[in-house]
Amino acid sequence: MRRANQLVGATLGELAKHIKPGVTTLQLDKIADAFIRDHGAVPTFKGFPNPNGGPFPASICTSVNEVVVHGVPNDKTVLKDGDIISIDCGTLLDGFCGDSCYTFCVGEVSEEVKELLRTTKESLYRGIAQATAGRHLGDISSAVQDCCEAKGYGIVRELTGHGIGHEMHEDPQVPNYGRRGNGVMLKAGMCIAIEPMVTMGKREIWLDANDRWTIRTRDGKPAAHFEHTIAVRKGQAEILSSFEEVEQIEGKRY
């Protein structure tokens, strides 16, 4: 699990080098696909079945601005100055899955949007702090919700984090809203993906009828998405994925 998730972190770090105005989301997908396969893994997203339509056609999800999740890479979506892009990435390595997401700034982004990203990332780590043996899923959910709603942001209800292991999506579901003390009790060794999906405006979303994958905010305002795969431990959760390589590159850029 560590190796699979560290590869996801390295893939996001590789993509960070190429995120700039003028790049298409399809170009990013090709970079990610080659990087994952060159490191002995396969992208778990490619071919992933869709109950609403055909299988996912790409190796990463590229969700730009008001797209919350599941944006499909293509050669028509060209990044421009001021955009944000959430890149969700998954790998299968030696029978185990990795999964992580990071929302990147493209060029110069407004301070209002940067604050959305900061808060969403903060809520992720607040949720992770609750992921210790003996607590409940609701403790994670409540921590994420309280952090984001205190700033007036929307928490998407229809999409959740999840258990992860030999399969990318396993039980239990990990909502980003809830009540402390509710839900499944966490046990040492459980692996879950915690992934706040947060909107600048209202929390309502809609599914794009054209590709049956892309999910957008109903009011057209931006959304952010950060995700880590973690292992529940006694005392402190272990973060299996990593933003270290991304943040090294972002630090140099900004």
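Every residue, every condition in (1) out of contact with any His (no Cβ under 8 Å at 6 or more places or on another chain); (2) within 15 Å of residue 69 (Cα to Cα); (3) among the polar types (S, T, N, Q), yes or no:
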site	(1), (2), (3)
100	no, yes, yes
107	yes, no, no
144	yes, no, no
149	yes, no, no
157	yes, yes, no
173	no, no, yes
184	no, no, no
197	no, yes, no
200	yes, yes, no
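Among the residues in segment 137-157, are any among the acidic types (Asp, Glu) and outside any helix (DSSP H, G or I)? No; the residues of segment 137-157 include none that is among the acidic types (Asp, Glu) and outside any helix (DSSP H, G or I).
Residues in segment 1-17 that are in a loop (DSSP other than H, G, I, E, B) and within 20 Å of residue 251 (Cα to Cα): 17 only.
Please determine, by comparing only the residues of segment 162-179 that are in a loop (DSSP other than H, G, I, E, B) and open to solvent by 70 Å² or more (accessible area, probe 1.4 Å), which one is farthest from residue 223 (Cα to Cα). Filtering first and then ranking leaves 166.
For residues that are aliphatic (A, V, I, L, M) and more than 30 Å from residue 2 (Cβ to Cβ), tally how many sit in segment 182-214. Break it down stepwise before answering.
Applying the first criterion (aliphatic (A, V, I, L, M)) to segment 182-214 yields 184-186, 188, 190, 192-194, 197-198, 200, 205, 207, 209.
Adding the requirement that they be more than 30 Å from residue 2 (Cβ to Cβ) leaves 200, 205, 207, 209.
Result for segment 182-214: 4.
Annotation note: Cβ proximity below 8 Å between a residue of segment 105-124 that is over 20 Å from residue 175 (Cβ atoms) and a residue that is among the basic types (Lys, Arg) and open to solvent by 10 Å² or more (accessible area, probe 1.4 Å) (sequence gap 6+ or interchain) occurs for 105/114; 106/20; 106/80; 107/20; 107/80; 115/151. The set of residues from segment 3-17 being hydrophobic (A, V, I, L, M, F, W, C) and either open to solvent by 20 Å² or more (accessible area, probe 1.4 Å) or farther than 22 Å from residue 213 by Cβ (or both) comprises 4, 7, 10, 16. One residue stands out among those in segment 142-156 that are in contact (Cβ under 8 Å) with a residue 12 or more places away in the chain and within 13 Å of residue 115 (Cα to Cα): the one that is surrounded by the most Cβ atoms within 10 Å (Cβ to Cβ), which is 148.
The residue of segment 180-190 that is least open to solvent (accessible area, probe 1.4 Å), among those that are of a type outside the set (Val, Ile, Thr) and closer than 27 Å to residue 242 by Cβ, is 186. Taken as a whole, the structure places residue 159 among residues that are among the aliphatic types (A, V, I, L, M), touching a residue at least 12 places away in the same chain (Cβ under 8 Å) and either within 23 Å of residue 205 (Cα to Cα) or open to solvent by less than 30 Å² (accessible area, probe 1.4 Å) (or both). Criterion first (modelled with pLDDT of 95 or more and farther than 24 Å from residue 204 by Cα) does residue 91 satisfy it? Against the criterion (modelled with pLDDT of 95 or more and farther than 24 Å from residue 204 by Cα), residue 91 qualifies.
Collect the residues in segment 19-35 that are within 18 Å of residue 72 (Cα to Cα) and touching a helix residue (DSSP H, G or I) at 6+ places or on another chain (Cβ under 8 Å), keeping them in residue-number order. Correct list: 19, 28, 31, 32.
The values are calculated or read from the model by the stated rules, or taken from the named source; none is laboratory data. Because the structure is predicted, anything quoted here is derived from the model rather than measured. Every residue, glycine among them, receives a Cβ derived from its backbone with ideal geometry; neighbour counts consider all protein chains shown. For accessibility, only protein heavy atoms count, side chains too; no ligands or nucleic acids. Shrake-Rupley method; radii C 1.70, N 1.55, O 1.52, S 1.80 Å.
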